[in-house]
Amino acid sequence: MKKVCFYFIINLLIAKEAKSKPEAIKMLMEKNLMPFYGELDVQKWRYERYWNEEVDNIFKAHFPIFDFLYKTFGCHYLKPGDKPFMMVDEFENIFT
């Protein structure tokens, strides 16, 4: 789920400002992550901002959408008995 969010952010940056994935990642790092690097206590951020009830409620409320996208666009490379997964190219097909 976290990887899906990361890829979504990268593709959103490409659609809005960046011209390529490397440029989008560079912009994400320079504008949003690096200014806080060193100042931010990662574990404290996780407890206060990420592992909380509000974020959990958002994931739960939108789970049917994520589940539909996952089942529609993912699991094409799945072999019998494998745990379901989504490849990067399958994820990119959501946006194209």
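Nothing in this text is a laboratory measurement; each read-out follows from the coordinates by a stated rule. All values derive from a computational prediction rather than experimental measurement. For neighbour counting, all protein chains shown are included, and Cβ atoms are generated from backbone atoms with ideal geometry for every residue, glycine included.
Exceeding 30 Å between C-alpha atoms, which entries from my cross-link table qualify? They are K19/K60; K60/K83; K21/K71; K16/K71; K21/K83. Show your work: numbers first, answer last.
On the way: K19/K60 33 Å; K60/K83 21 Å; K21/K71 25 Å; K16/K71 27 Å; K21/K83 28 Å.
With Cα atoms farther than 30 Å apart: K19/K60.
For E54, what charge total do you get from the other residues with a beta carbon under 12 Å from its beta carbon, if Lys and Arg give +1 and Asp and Glu give -1? Don't jump to the answer; show the numbers that get you there.
On the way: positive: R49, K60; negative: E48, E53, D56.
Around E54, the surrounding residues sum to -1.
How high is the relative contact order of the chain, in percent, with contacts defined as C-alpha pairs under 8 Å that are six or more residues apart? Working shown, then result.
On the way: 37 pairs, mean separation 16.3, N = 96.
About 17 percent, as a whole number.
Which one is right for this structure if mean projected area of the Cα convex hull in nm² is calculated from it: (1) 6.4; (2) 6.8; (3) 8.0?
(3)
Among I65, G81, S20, which residue has its Cα furthest toward the positive end of the charge dipole of the chain, with +1 on Lys/Arg Cβ and -1 on Asp/Glu Cβ?
G81
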